[in-house]
Amino acid sequence: MLLLTCPHCGVSAEETEFHPGGEAHLKRFGPGASDDAFAGYMFERANPRGVHFERWRHVFGCGKWFHLARCTASLEVFGAYPADVTAPPEEILAKIRARRPGWEPAPAAKPAAKPEGDA
Amino acid sequence: MADQMTGGAMRWARVAGRGMIGLRLDLGDAALAGAVTGAAGVPLPAPRRIETAGARRLAWMSPDELLLFLPAEEVPAMLEAIRAGFGDGFAMAVDLSEARALFRLEGPGAREALAKAAPVDLHPDAFGPGDFRRTRLGQVAAAFAQVGEAPETFELVCFRSLAEHMATWLDTAGAPGAFPGVFARA
Ligand SMILES: [Zn+2]
């Protein structure tokens, strides 16, 4: 069972007080993007064994969303960080590298090539 | 549905006549926070705490939310006073008196009854007078605070639509033989 600390209210509780919101930092490509890019945003998810970034909501507590970096294999939590960022902050990455030497974040998703003739 | 249980290690009763005002504001904004504390006469609670002054309590719900408990008949005038204090500020005061049901739990078993259903460390060193916690009881969203010490007394709110479920749960959790005695032995 995961033990999480909400960065908004400071409550530490096991995961049943929270609700998972899926993979973090998904990028939605704008108008005119290709079907492939949209399908990637919609359906493709990382499923790593190890370091993973997720969205969580303190649903039975303060109600706020936040981001979480954790290990899917050991359930170790590296840290929580605000919901309004598009990538994990350097401080979280440093904590992960300290615990998982050699680990590097996956490159950010790139939009698939636009079909010809697309405006 | 029963609205109270007497005797045993835990007594509980539904509390009627308590108004509740939901407040949304930037708690770090001295003018907005002052509008609440000034009108209510209750200090601003620290995170995860509840403050009491006379018949009123002010609970910290989230980084931008407070819940004010007060006698029901005081609600209209209080709403007016707080809204006047907010002025054009980005803040909101709403009468939520009918949104939630309020219960009072009392006795040596009250702490343990809560501990059975909430993912909260309820050891007296970890949760004491003035502590307030939004969490779940079983599968139901709830919030509770310790409001008295001798005998130990807690106040508990849950959404009104779930009050009957909560009453049944309190009866079951407080039945003779339903206490493992963890805190009593400690
Ligand atoms: Zn929280």
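Any read-out appearing in this document is the output of simple, stated calculations on the displayed coordinates, not a laboratory observation. Note that the structure is a prediction, hence the values are computed from the model and not measured. All Cβ positions, glycine included, derive from the backbone under ideal geometry; neighbour counts span all protein chains shown.
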When you have a sec, figure out the Kirkwood radius of chain A from all distinct Cα pair distances and drop it here in Å to one decimal? 15.7 Å
Shielding by other protein chains, B:117-123, mean Cβ within 10 Å: 3
Over chain B: helical MRE at 222 nm, DSSP H runs n ≥ 4 each giving -39500 (n - 2.57), nearest 500: -7000 deg cm²/dmol
If one puts a single equal scatterer on every Cα of region B:1-157 and applies the Debye formula without solvent, what log₁₀ I(q)/I(0) results at q = 0.14 Å⁻¹? -0.69
Using the Cα atoms of the protein assembly as shown to build a convex hull, what is its mean projected area in square nanometres? 21.1 nm²
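When the Kirkwood hydrodynamic radius is evaluated over all pairs of different C-alpha atoms of region B:98-159, what value in angstrom, to one decimal, is obtained?
Values: mean 1/r = 0.0867 Å⁻¹.
This gives a value of 11.5 Å.
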Can you bin region A:1-64 into rounded, prolate or oblate? Criterion: square roots of the alpha carbon gyration tensor eigenvalues sorted a ≥ b ≥ c, rounded for a/c under 1.5, prolate for a/b above b/c, oblate for the rest. prolate
According to the square roots a ≥ b ≥ c of the eigenvalues of the Cα gyration tensor, what is the shape class of region B:18-95, taking rounded for a/c under 1.5, prolate for a/b larger than b/c otherwise, and oblate for the remainder? oblate
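In percent, what relative contact order does region B:18-95 have, based on Cα pairs under 8 Å that are 6 or more apart in sequence?
With pairs under 8 Å counted, the relative contact order is 43 percent.
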Once you measure Cβ to Cβ distances between cysteines in the protein assembly as shown, which Cys have no partner under 4.7 Å? A:6, A:71, B:158
Summed over the other residues with a beta carbon less than 9 angstrom from that of residue A:69, with K and R at +1 and D and E at -1, the charge totals +1
Of the listed peptides B:72-82, B:51-61, A:56-66, what is their order by residue-averaged count of other C-beta atoms within 10 Å, with the highest listed first? A:56-66, B:51-61, B:72-82
Taking a ≥ b ≥ c as the square roots of the eigenvalues of the Cα gyration tensor, with a/c under 1.5 meaning rounded and otherwise prolate when a/b exceeds b/c and oblate if not, region B:126-186 is oblate
